[in-house]
Amino acid sequence: MAIFDCILFDLDDTLYSSDVGIAGFLRKNIEEFLMMTCGITAEDAFALRSELFKTYGSSLVGLRARGYNIHPDDYHSFVHGRLPYDLIRPNPSLRDLLQSIPQRRIIFTNSDMVHATRSLERLGLTGCFDGIICFETLNPDLFGSKIVLKPSVTAFNTALSISGVNPRRVLFLDDSEKNIASAKAIGLRTALVGRRRRKIAEADYLVEEICELSRVIPEIWSSAMAHEEVTSEVNSRFSLRREVHELSA
Ligand SMILES: [Mg+2]
């Protein structure tokens, strides 16, 4: 029996490398948003972004916690809408790899649906997933007072209940140590992704590049291979019987 029923994939800096440079543009856009919203200098925006990220995990959450009535759609269209998506290149070998995974494959990202869809399109991975759990899924009430995102346990529980799976049979891949630690705390199997990452206690696996998945975690495929072998043996016996039947007929 397979040891996983479902694989949850983070998107940014997991399905494509941080070396692509999208994260740098994202930071710049967030800082411009902070300058505009808070009326501060570029230097102060740099410090505020870092402070909000450390304290709240996201600038949007931090701004709202500090009383700024920011609508998530306005924030996302400003910080994601202007990203140079052409930097993300198609990855056909990743597409083949993902399609060979026998378990359910679900994207679990804090990003909004427009960003997730555009990034997956650029990567050539449209249609490779059974579902996308994103900002809007985690926060169906966009006017709600509290925003739910990874690494909060609530975000993980929402993702698990949507996926309808037993946490102990889920593999979760992400480039964030904080997200990996939360996932481990609620019983998921975890893989930290990224070339500059070091193995942490909460990570069951360290995957430097997503395309190395089959080498680092062959268990994903092991029972499927066993199943295929059984199936092909059954098929060959069946065709042998049929040939025998046809010869004797
Ligand atoms: Mg990420």
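When each of 62, 81 is tested for being more than 16 Å from the ligand (Cβ to nearest atom), surrounded by fewer than 20 Cβ atoms within 10 Å (Cβ to Cβ) and closer than 21 Å to residue 142 by Cα, the lone residue that passes is 81.
The rows are residues; the columns are (1) in the same structural domain as residue 69 (by TED's automatic domain parsing); (2) surrounded by fewer than 22 Cβ atoms within 10 Å (Cβ to Cβ); (3) over 24 Å from residue 218 (Cα atoms).
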site	(1), (2), (3)
131	no, yes, no
135	no, no, yes
162	no, yes, yes
169	no, yes, no
173	no, no, no
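Residue 67 satisfies every condition listed in (1) on the phi > 0 side of the Ramachandran plot; (2) assigned by TED's automatic domain parsing to the domain that holds residue 124 except (2).
When 26, 48 are screened for being among the hydrophobic types (A, V, I, L, M, F, W, C) and either touching a Ser or Thr at 6+ places or on another chain (Cβ under 9 Å) or in contact (Cβ under 8 Å) with a residue 60 or more places away in the chain (or both), only 48 passes.
Per the conditions (1) modelled with pLDDT of 95 or more; (2) under 16 Å from residue 3 (Cα atoms), the sole criterion not satisfied by residue 166 is (1).
Filter segment 176-191 for residues that are surrounded by 23 or more Cβ atoms within 10 Å (Cβ to Cβ) and either away from the ligand (no atom under 16 Å from the Cβ) or assigned to a loop (DSSP other than H, G, I, E, B) (or both) and give the result. Correct list: 188 only. Of all residues in segment 195-214, those satisfying the criterion of being touching a residue at least 60 places away in the same chain (Cβ under 8 Å) and buried (at least 20 other Cβ atoms within 10 Å of the Cβ) are 210, 213. Within segment 101-123, is there a residue that is more than 16 Å from the ligand (Cβ to nearest atom) and among the small types (Gly, Ala, Ser)? The answer is no; no qualifying residue exists. Whenever a residue of segment 105-121 is part of a helix (DSSP H, G or I), its partners that are among the charged types (D, E, K, R), lying with C-beta atoms within less than 6 angstrom and at least six residues away or across chains, give the pairs 113/136.
Scanning segment 1-58 for residues that are surrounded by 14 or more Cβ atoms within 10 Å (Cβ to Cβ), acidic (Asp, Glu) and more than 13 Å from the ligand (Cβ to nearest atom) returns 5, 31, 32, 44.
The values are calculated or read from the model by the stated rules, or taken from the named source; none is laboratory data. In this text, all values refer to a predicted model and were calculated from it rather than measured experimentally. Cβ: placed from backbone, ideal geometry, glycine included. Neighbour counts: every protein chain shown.
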